[in-house]
């Protein structure tokens, strides 16, 4: 099974697909850019964890709509776009 990973790098949004495997503890595991990502399931809001190199785990992101893995904090590209669209005030054109 493959999932989409989304992240922002220098104000540019990037996506890639990676293979997902099951761990012995029945979690899901993916590897991206040399970093192991572990998550429990593909439900929206599930935390994504990765090792910090010192034997501890840190939160690397979360699962968003449609099973996309979002790396980082804040809003995804889709959430930012929806918020920007709601905040705009459109004027009805007046035809003479």
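Please treat every number below as a calculation from the coordinates, not as lab data. No experiment lies behind these values; they were computed from the predicted model shown. All Cβ positions, glycine included, derive from the backbone under ideal geometry; neighbour counts span all protein chains shown.
Here is how the numbers come out for the structure above:
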quantity: Residue match in region 71-93 (condition: assigned to a helix (DSSP H, G or I), at positive phi, surrounded by 13 or more Cβ atoms within 10 Å (Cβ to Cβ) and in contact (Cβ under 8 Å) with a residue 24 or more places away in the chain); calculated: no
quantity: Check on residue 17, in a loop (DSSP other than H, G, I, E, B) and either surrounded by fewer than 10 Cβ atoms within 10 Å (Cβ to Cβ) or in contact with a strand residue (DSSP E or B) (Cβ under 6 Å, 6 or more places away or on another chain) (or both); calculated: no
quantity: Positions within region 1-14 being farther than 21 Å from residue 66 by Cβ and either over 15 Å from the mean Cα position of the chain (by Cα) or in a loop (DSSP other than H, G, I, E, B) (or both), in sequence order; calculated: 10, 11
quantity: Among residues of region 47-65, those that are touching a strand residue (DSSP E or B) at 6+ places or on another chain (Cβ under 8 Å) and closer than 21 Å to residue 15 by Cα, counted; calculated: 10
quantity: Any hit, region 39-49, residues being assigned to a loop (DSSP other than H, G, I, E, B), in contact (Cβ under 8 Å) with a residue 24 or more places away in the chain, more than 10 Å from the chain's Cα centre (by Cα) and at negative phi; calculated: yes
quantity: Any hit, region 29-37, residues being out of contact with any strand residue (DSSP E or B) (no Cβ under 7 Å at 6 or more places or on another chain) and either assigned to a strand (DSSP E or B) or loosely packed, with under 13 Cβ neighbours inside 10 Å (or both); calculated: yes
